Each structure stands twice: as structure tokens, then as C-alpha cells.
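The values are calculated or read from the model by the stated rules, or taken from the named source; none is laboratory data. All figures in this text were calculated on a predicted structure; none of them were measured in a lab. Reconstructed Cβ throughout: ideal geometry from the backbone, glycine too, with neighbour counts over all protein chains shown. Note: areas computed on protein heavy atoms with side chains; ligands, DNA, RNA excluded. Shrake-Rupley method; radii C 1.70, N 1.55, O 1.52, S 1.80 Å.
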Amino acid sequence: MSLFATTAVALFLTGLAIYGVVLYNELVRLRIENDRAFANIDVLLKQRHDEIPNLVSCVKGYMHHERQTLEAVALARTASIGAASIAQKAQADLRLTGALRSLFAVAERYPELKANQNFLALQKRIRN
């Protein structure tokens, strides 16, 4: 082989190796970002779950006759905390969201509760 052909093959192999390293690094970066995104979701769900007992205790004094709604929220929170896989967490969060929607709908019937600043602040934090 001539010197030119040998140099061309060496440059091609070097370029291929560099491309492989860049591609590998990009895949590792994407995996790390994916893991970070799921960790952020877990943190936000945990914060949301930690606010629910405060919301239930705030609402309990006003809603004496709505025991089923409060129990549904408590059960949904327990299921959401106990979820292990991402699919289970998503399903449990949907159930929790539904229970919270029914709680907020029932709270509309209680004007004193709607005027309570603690309830309004907790409702805002949980919805976001």
C-alpha cells in the first residue's frame, strides 16, 4: 500500500473511533438525564404526598359528613407511597389525583372551608 492509502485508512479508523466515543458519551448523558428526570418526579410526588395529611387535617374539621372522601384520599396516598415501579407510581398518582379532585369538589359545598387560607394554600401546592 502506498503511504497515502495507509494514511487515509488510519484517519478513517481514527475518525470512526472518535465518533464511537462521542456517541457513547451522548448515550450515557441521555441515560443520566433520564434518571435525573425520574428522580425529580419522585421528589415532586413525595412533596405532594407529604402535603396530603395536612390537607386532610385541615378539611376534617369542616367536613364531618364526608368521611368516604377523606378515606379515599388517605387510601390513595398510601397506595401511591407504596408504589415501586414507574408504572405503579403513575397508576397510583392517577388514583390520588382523582381522589383529590373529588375532595376539592366536595370542599366547594363548604364556604367556610373555601375561605380558609390554610386550605387554599395547601390546595394550591398540591395542584401544582
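Structural remarks
- Each Lys and Arg contributes +1 and each Asp and Glu -1, all at the Cβ; summed about the Cα centre of the chain, the dipole is approximately 320 debye.
- The angle between the Cα long axis of helix 86-107 and the longest principal axis of the Cα atoms of the chain comes to about 30 degrees, rounded to the nearest 10.
- Taking 0.36 nm per residue of separation and subtracting the current Cα-Cα distance, fully stretching the chain between Ile18 and Arg109 would add 26.2 nm.
- Efficiency of FRET from Cβ geometry, Asn25 and Ala84, R₀ 22 Å, rounded to 0.05: 0.10
- Using alpha-carbon coordinates, inclination of helix 117-127 to the longest axis of the chain, degrees: 30 degrees
- The aspartates and glutamates whose alpha-carbon is closer than 20 Å to the alpha-carbon of Lys60, local same-chain residues fewer than 8 away aside, are Asp50, Glu51, Glu71, Glu108, Glu112.
- Size-normalised alpha-carbon gyration radius of the chain, reference 2.2 N^0.38 Å: 1.90
- Most to least packed among 82-92, 29-39 [average Cβ atoms within 10 Å]: 82-92, 29-39
- Nearest-ten-degree value, helix 67-82 long axis tilted from longest Cα axis of the chain: 20 degrees
- Rolling a 1.4 Å probe over the heavy atoms of the protein chains gives the chain an accessible area of 71 Å² per residue.
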